[in-house]
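See below for the structure under consideration.
The values are calculated or read from the model by the stated rules, or taken from the named source; none is laboratory data. Computed from a prediction, not measured in an experiment: that's the story for all the values here. As a convention, Cβ positions derive from the backbone with ideal geometry for all residues, glycine included, and neighbour counts pool all protein chains shown. What goes into the accessible areas is simple: the full protein's heavy atoms, side chains included, and nothing from ligands, DNA or RNA. Shrake-Rupley method; radii C 1.70, N 1.55, O 1.52, S 1.80 Å.
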Amino acid sequence: MQRKTLRRWNNAVHRDLGYFFFGMTLIYALSGIIMNHFKSGDFVHPDYSKRYEQLTLALPAGGLADKAYALKSLEQVHEEKYFKSYITGTGYIQIFFTNGSLYIDLITGKAELEEKTPRYVLKEFNLLHYNNIKHWFTWFSDAYAVALILLAISGLFVLRGKNGIKWRGALLAFTGILIPVIIILLYA
Amino acid sequence: MIKKLFLLAIPCVFLLASCNQTTKDAENKKADTATLAVLTFFDSASNHIGKPIRIEGTVIHTCKHGGKRMFLVDGTDSIRVEITAGNNITKFDESLIGSKVKVLGVLKEERVDAKYLNEWEAEVKKPAENHSTGIHTGAKGHEDKGTQDKLDEINSLRNDLKNSGKDHLSFFSVEAISYTVVK
């Protein structure tokens with residue numbers, strides 16, 4: 001096969017795989033950012049953003065932390081309409097409502113309000129990234145991984161001349177490989 | 001147009017059929033299934049290892065690393081039952097926390113012996129990700145434990161193992177086949 005024909009095929013593969021897996025690339029890239037920062041401790045939860053507030057609340061009359069006390073405590077944070085349940089432990093009560101929970105120390109009255117907001121869409125992206133769904137998505141994501149390899153290799157040969165793999169392309173590709181190698185050598 | 005719709009319908013039929021099969025499998029298991037209570041779970045767990053069981057409780061925690069675990073309590077958090085997601089369950093979403101759920105699953109035993117604890121200690125001492133090993137308790141903040149906390153936990157388990165007079169400690173959990181939220 002002539003070099004010109006090979007390059008045409010290479011560019012066509014690169015172009016069409018790029019179009020076809022555009023959505024998957026966005027899904028993995030966006031959830032990848034979330035995972036990265038979740039793993040490095042910047043996010044408390046990958047699927048929910050959380051807000052915490054420290055409060056001091058009234059202790060239960062007679063020391064009985066029951067449902068009435070749970071509802072009264074939720075009133076103070078305007079969440080009483082969204083009550084779900086409560087549990088008690090040694091010296092504390094934890095009250096759950098639809099979008100969070102209220103943890104009250106029954107000795108000091110100090111409380112922590114946790115409110116969570118779902119990261120809509122990103123939550124579903126994370127689900128795909130973790131491959132919790134399994135079934136045929138495993139095969140589709142494998143196909144995407146193979147396509148990424150083809151995209152990477154074919155990408156090297158899209159351009160001709162000094163901006164291609166002969167000079168500028170080679171330099172950038174080498175630098176891009178060098179960075180993770182240095183990081184592995186330094187920290188792994 | 002009709003031809004295109006027909007082609008689209010084929011995978012949908014397969015999907016529906018596989019969902020229906022899953023439901024039937026779960027229903028068959030229900031027939032000879034013991035019902036365990038959260039508060040007495042650990043007293044009777046050893047009699048049901050590998051068998052299907054049903055259990056109901058309030059979700060106190062779901063694992064934020066992929067949602068493959070949740071913990072059930074009943075009124076107090078002194079007893080927590082670990083539920084792991086079986087193959088049919090995508091994840092236990094954080095929104096389940098505080099909800100009452102009914103779980104159908106298979107009771108599993110994990111044995112922790114001296115070798116297990118040594119391997120766990122070696123992994124914890126590595127600087128890299130070390131969440132895959134160890135005992136999941138579902139306690140507040142257990143997923144954010146530092147290396148020293150984990151080493152303390154390992155030493156505590158070594159003491160428990162020594163005091164038990166046995167060559168292993170047993171940890172019980174339920175691998176969920178299905179679950180429903182009780183309204």
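Computed from backbone phi with θ = phi - 60° and the Karplus coefficients 6.51, -1.76 and 1.60, the 3J(HN,Hα) list for region B:80-92 is 10, 10, 7, 10, 9, 7, x, 4, 7, 9, 5, 5, 9 Hz; x is used for glycine and proline. When A:V146, B:V182, B:V73 are compared by accessible area at a 1.4 angstrom probe, the order from most to least is A:V146, B:V182, B:V73.
Residues whose amide H comes within less than 5 Å of that of A:Y86, counting only those at least five positions distant or on another chain, are A:F96 (H built at 1.01 Å from N in the peptide plane). Coupling constants for region B:157-168 follow from the phi torsions by the Karplus curve (6.51 cos²θ - 1.76 cosθ + 1.60, θ = phi - 60°), and in residue order they are 5, 4, 5, 4, 5, 4, 5, 6, x, 10, 8, 7 Hz; glycine and proline get x.
Between the beta carbons of A:L59 and B:S156, assuming R0 = 25 Å, the FRET efficiency works out to 0.20 to the nearest 0.05.
Backbone geometry of region B:111-119 corresponds, through the Karplus equation with coefficients 6.51, -1.76 and 1.60 at θ = phi - 60°, to 3J(HN,Hα) couplings of 9, 10, 10, 4, 5, 4, 5, 5, 5 Hz, x marking Gly and Pro.
Protein chains only, probe 1.4 Å: how do A:W139, A:W9, B:W120 rank by accessible area, largest first?
Values: A:W139 185, A:W9 155, B:W120 10 Å².
Output order, biggest surface exposure first: A:W139, A:W9, B:W120.
Neighbouring Cβ atoms from other chains, within 10 Å of the Cβ of residues in B:89-98, number 6 on average. Other residues whose C-beta falls under 10 angstrom from the C-beta of A:S85 contribute a net charge of +3, scoring Lys and Arg +1 and Asp and Glu -1. Would you be so kind as to identify all helices of chain A, as entire DSSP H runs, whose Cα atoms reach 24 Å or more along the helix's own axis and whose mean Kyte-Doolittle hydropathy is at least 1.6? For chain A, where a helix must reach 24 Å along its axis and average at least 1.6, the hits are A:137-156, A:168-187. For the protein assembly as shown, the solvent-accessible area works out to 61 Å² per residue, with a probe of 1.4 Å and every protein chain left in place.
Centre-to-centre separation between the Cα atoms of region A:104-183 and those of region B:80-129: 26 Å. For chain A, a Gaussian network of Cα nodes joined below 10 Å ranks A:L71, A:L171, A:L127 by mean-square fluctuation, and the top entry is A:L171.
For A:Y92, the residues whose modelled amide H falls within less than 5 Å of its own, excluding neighbours fewer than 5 places apart on the same chain, are A:L106. Around the Cα centre of the protein assembly as shown, unit charges on the Cβ atoms of Lys, Arg, Asp and Glu (plus for the first two, minus for the last two) sum to a dipole of about 2280 debye. Computed with a 1.4 Å probe on the full set of protein chains, the accessible area for A:R51 sits at about 110 Å².
Split the accessible area of the protein assembly as shown by element, probe 1.4 Å, and carbon with sulfur accounts for 60%. Computed over chain A with a Gaussian network model linking Cα atoms closer than 10 Å, the most mobile of A:T90, A:T56, A:T138 is A:T90. Taking all protein chains together and rolling a 1.4 Å probe, B:H65 ends up with roughly 50 Å² accessible.
Need one number: buried accessible surface between chains B and A, 1.4 Å probe, both sides summed, DNA, RNA and ligands left out, in Å² to 100. Don't skip to the end; give the middle numbers.
Numbers: alone 11340 and 13390 Å², together 22680 Å².
Roughly 2000 Å² of accessible surface disappears when B and A pair.
With Cβ to Cβ distances under 10 Å as the rule, what net charge do the other residues near A:I104 carry (K, R +1; D, E -1)? It would help to have the intermediate numbers written out before the result.
Working: positive: A:K110; negative: A:D105, A:E112.
For residues surrounding A:I104, the net value is -1.
Just checking the listed ones, A:P118, A:P60, A:P46: in the Gaussian network model of chain A with Cα springs under 10 Å, the one fluctuating most is A:P60.
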